[in-house]
Amino acid sequence: QVQLVESGGGWVQAGDSLRLSCAASGRTFSSYVMGWFRQAAGKEREFVAAITWSGGITYHADSVKGRFTISRDNAKNTVYLQMNSLKPEDTAVYYCAAKSGILVTTPRAYVYWGQGTQVTVSS
């Protein structure tokens with residue numbers, strides 16, 4: 001069982017940066033693939049980035065590649081999403097999620113979810 005709590009969202013202007021954090025409970029955090037997803041108003045939840053349990057492999061959606069970076073600190077049971085050069089189209093509720101097994105980008109493959117944190121980017 002893993003419980004996830006996101007933080008770090010907020011209101012920023014285009015071009016600004018934010019770092020989201022996701023704190024996990026549970027001693028098996030280090031064995032899970034961790035992902036970040038987002039859901040804009042009226043749209044489906046979409047994949048943003050994911051990282052393997054060791055941190056050795058990361059994958060980012062094309063829409064954020066070069067601007068966002070996922071990382072994790074297993075000693076702190078925390079996964080991060082560094083977001084740079086934010087755009088208005090990045091506005092969404094951002095969720096972290098966890099799953100066992102291989103890294104995938106499909107939301108329904110992730111078992112544990114946080115409550116989400118709102119990111120709003122104004123132009």
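A few remarks follow.
- Relative contact order of the chain, taken over Cα pairs closer than 8 Å and 6 or more residues apart, is 36 percent.
- Across the stretch 19-65, Cα-Cα pairs more than 18 Å apart make up 38 percent of the total.
- Using the Cβ-Cβ distance between residue 103 and residue 41 with R0 = 22 Å, the FRET efficiency computed as 1/(1 + (r/R0)^6) comes to roughly 0.20.
- Accessible area of residue 106 in the full protein assembly, 1.4 Å probe (Å², nearest 10): 50 Å²
- Distance from the stretch 1-42 to the stretch 89-120 (C-alpha centre basis), Å: 7 Å
- Remark: spin-label model distance residue 84-residue 111 equals 3.5 nm, labels positioned 7 Å along the Cα→Cβ axis.
- Heavy-atom accessible surface of the chain: percent carbon and sulfur, 1.4 Å: 49 percent
- Length released on extending from residue 1 to residue 73, taking residue separation times 0.36 nm less the Cα-Cα span: 24.1 nm
- Under a Gaussian network description of the chain, with springs only between Cα atoms under 10 Å, the residue in 108, 19, 67 that fluctuates furthest is 108.
- Computed with a 1.4 Å probe over protein heavy atoms only, the accessible surface of the chain comes to 51 Å² per residue.
- Charge dipole (the chain, unit charges on Cβ, about Cα centre) - positive-most of 25, 64, 14: 25
- Only Lys, Arg, Asp and Glu carry charge here, each on its Cβ (+1 for the first two, -1 for the last two); on that basis the chain has a dipole of about 240 debye about its Cα centre.
The values are calculated or read from the model by the stated rules, or taken from the named source; none is laboratory data. Predicted model only: the values in this text are computed from it and were never measured. Positions of Cβ are backbone-derived with ideal geometry, glycine not excepted, and every protein chain shown enters the neighbour counts. Quick note on the areas: whole protein, heavy atoms, side chains included, nothing else; ligands and nucleic acids left out. Shrake-Rupley method; radii C 1.70, N 1.55, O 1.52, S 1.80 Å.
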